[in-house]
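Note sheet for the following structure.
Rule-based calculations on the coordinates, nothing more; no lab input. What you are looking at is a predicted structure, and each value in this text was computed from that prediction instead of being measured. Every residue, glycine as well, gets a Cβ built from its backbone with ideal geometry; the counts of neighbours run over all protein chains shown.
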Amino acid sequence: MLTSLVSDHLLTMKQAKNSLRKPSRTSGPERQAGLISAAASLFAATGFQGTTTKEIAKAAGVSEALLFKYFPTKRALYAAILAEKAQYSELRDAVEEAAKKQDDTRLFTLLASYRIKKGADPTMLRLLLFSALEGHELSDMFFQRQYRAFHDLLAHYIGKRIESGAFRPVDPLLAARAFFGIIVHHRLLHDILGLPMHRSYEDTIGEYVSLFLGGLIQPLPAPKPQVHA
């Protein structure tokens, strides 16, 4: 019995030593995700041109050679960041459903609340600003992946509502850009510049949507004056 206990103890100690000696290896997808996360943080802090592949590899805890194995260029890494961050299928489905029901308030609220929310990650907005200021081709890639689809969707919806007489005649594309301009300006003030909000997120979004729709909705015709005999 004692011999058995000693043997079990020695086996347990050996297994523990082996586990310390041979740490679990990071899988390819995990390492790739770590590289994307490290690159996104650095690009958002110092820009595309101000970040080196050596710095990205160091932040991710890998060699520069291994970084190039997964991403041969910084451009490829940037594209991977956009592909990972631009997951909008659920939002698109919800927006399209609201469009079918012609639920103006819900549609505009969905678009605003996706960006204006507590704990919103400013990384993507900082990436957009850096790519535009640095004037490289990635700014167009960013716009196409992050904003173009919803600009076009909203412009199309506004156009349809104008045709039905629900909205007053305006330029649909300019109107869509104006609404997204409200969202971006809000994020610049609060997520980038750190201006404190004086109202809750829900109240703020409701006010933005109300103000914007108030300028779009076609006013009802004034009642005709009654003629008394």
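The figures follow:
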{"item": "Cβ-based exposure ranking for H190, H185, H156, H198, in which fewest neighbours within 10 Å come first", "result": "H198, H185, H156, H190"}
{"item": "For the stretch 106-119, 3J(HN,Hα) per residue [Karplus equation, 6.51 cos²θ - 1.76 cosθ + 1.60, θ = phi - 60°, Hz, x = Gly/Pro]", "result": "5, 4, 5, 5, 4, 5, 6, 6, 5, 9, 9, 7, 5, x"}
{"item": "Extension gain, R148 back to A45 (0.36 nm per residue minus Cα-Cα distance, nm)", "result": "34.6 nm"}
{"item": "Extension gain (nm, one decimal) between A33 and K101, 0.36 nm per residue minus Cα-Cα", "result": "20.6 nm"}
{"item": "Dipole magnitude of the stretch 27-85, debye to nearest 20 (Cβ charges: Lys/Arg +1, Asp/Glu -1, about Cα centre)", "result": "100"}
{"item": "Placed amide H near F167: partners under 5 Å, 5+ positions off or other chain", "result": "I162, Q218"}
{"item": "Length-normalised contact order for the stretch 27-85 - Cα pairs under 8 Å, 6+ apart - percent", "result": "38"}
{"item": "By average C-beta atoms within 10 angstrom, highest first, the peptides 164-177, 31-44", "result": "31-44, 164-177"}
{"item": "Rounded if a/c under 1.5, otherwise prolate or oblate - the stretch 26-115, Cα gyration tensor axes", "result": "prolate"}
{"item": "Given charges at beta-carbon only (K, R positive; D, E negative), |dipole| of the stretch 86-216 in Debye", "result": "160"}
